[in-house]
Amino acid sequence: MDSSADKQLADMLKELKSRSKEKVILETGVFVLVLLFLFVGNVFTLLVVILNPRMRTIPNMFVTSLAVSDLSFGVFMVCPLGVPVSLLSQWPFNHTTCQYQGYITIALSVASIHTMALMAVNRYFRIVKPSKYRSYFTKKKAMVMILVAWLYSMLVPFPYVLSGHKMIFQPDKFICFLNIDTTALSSFEAIFIGIPSCIIFYFYFRIFKTVRSHNNNLHLSGSGINAVNVEEVKVARTLFVIVVFFTLCWIPVLVIDLVDVIRGSWTFPREAYIAYSVLATLSAALNPFIYGVVNRNFRREYLKLLRCRYCRPQAVVEPSVVGGKTPSASVFTQ
């Protein structure tokens, strides 16, 4: 790192240490509030899938993987490392911890975006290519896909580390991350964020194009095609909303990083970098609330947890009052 970059980091650290007590409380409070939502929401999502066997479907396997990634982001990165930095106005840990934080930040970010890509592919085959769906998606194959995605994500930061580069503490972001004086950051975002993002939007474009075509063919409205896909479309809509909010959170993050790489310096005011870290954390907290708002079945299961319905013994399973049939527990049916 050149002397100008060293001076910038020194100035950032000086500004961090010179914050008023009110600013420390405000900035730390924002992180703690976002983390509270992150923990509660993702723990609820995992409990819903664990406690209700009917929610353990193939699409929900990917939902669970995303919840694990988001929860891990808070448990292993932001809460034990980012919050103390904001509270103490300095990096109170050693060099090894800094390398760990930068590494895990990259790995979990890649795991999240690649899980969303798998979700998009899953919905594509279920809605657009239903005849091939069961050939590619069984619970065993879905588990293999998830494990491969996680292993791949854990290995993504390896080239940067093995090449001798180090994660550096960036005071305005409260985190250790890739240095901006190398091409590693722009390459990472283009390859490991950009490519899966293109895959996601391509497959959702194909999905909604197919749905629109079905809706325009009114003579098929009572056929088996639409009857099978109507609930699957609701699932795709829910997952697409998740992608949209994930993108809205991460676009400012990517823009800030790319501008800094191009200019070779940290060019934005301190408030922009604080928003950078808050948005990255917020992206991991939003998903459960999207499920609750958009998906009726997840909302019902969340309410059961809040009312402690799972805490009570259930000796009798009552049928639905509508038509005397037991309703499906989830629109995530396949």
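Return one number: the angle in degrees, 0 to 90 and rounded to the nearest 10, between the long axis of the Cα atoms of helix 139-155 and the longest principal axis of the Cα atoms of the chain.
Between helix and principal axis, roughly 10 degrees.
For the pair Cys308/Tyr136, report the inter-label distance in nm, with labels modelled 7 Å from Cα in the Cβ direction.
Result: 4.6 nm between the two label points.
Roll a 1.4 angstrom probe over the protein heavy atoms and tell me the percent of accessible area of the chain that is carbon or sulfur.
68
Amide H to amide H, which residues 5 or more places from Ile175 or on other chains are under 5 Å from it, using H placed in the peptide plane?
Residues meeting the criterion, in which the H sits 1.01 Å from N, are Gln170.
List the equivalent ellipsoid semi-axes of segment 97-155 in whole Å, largest first, each obtained as the square root of 5λ for an eigenvalue λ of the Cα gyration tensor. The partial results should precede the final answer.
Details: eigenvalues 175, 25, 5 Å².
Square roots of five times the eigenvalues give 30, 11, 5 Å.
Compute the projected area of the convex hull of the Cα atoms of segment 1-43, averaged over all viewing directions, and report it in nm² to one decimal place.
4.4
Working from Cα positions, state the angle (0 to 90°, nearest 10) between the long axis of helix 95-127 and the longest principal axis of the chain.
The angle comes out at about 20 degrees.
Measuring with a 1.4 Å probe in the full set of protein chains, what accessible area per residue, in whole Å², belongs to the chain?
Heavy-atom accessible area per residue stands at 50 Å².
Give, to the nearest whole percent, the P(r) tail of segment 1-97 beyond 23 angstrom, counting all Cα pairs.
46
Using a Debye calculation, one point per C-alpha and no hydration shell, please list log10 I(q)/I(0) for the chain at q = 0.12 Å⁻¹ in order.
One equal scatterer on each Cα of the chain leads to -0.89.
Using square roots of five times the C-alpha gyration tensor eigenvalues, list the equivalent-ellipsoid semi-axes of segment 52-209 in whole Å, biggest first.
Sorted largest first and rounded, they come to 34, 18, 13 Å.
So for each of 166-175, 96-105, 136-145, 253-262 I average, over its residues, the number of other beta carbons within 10 Å; can you give me the resulting order with the highest mean first?
Ranked by mean Cβ neighbours within 10 Å, highest first: 166-175, 96-105, 253-262, 136-145.
The values are calculated or read from the model by the stated rules, or taken from the named source; none is laboratory data. For clarity, every value in this text was computed on a predicted model and none was experimentally measured. So basically every Cβ, Gly included, is an ideal-geometry build from the backbone, and we count neighbours across all protein chains shown. Just the protein is used for accessible areas: all its heavy atoms, side chains included, with ligands, DNA and RNA removed. Shrake-Rupley method; radii C 1.70, N 1.55, O 1.52, S 1.80 Å.
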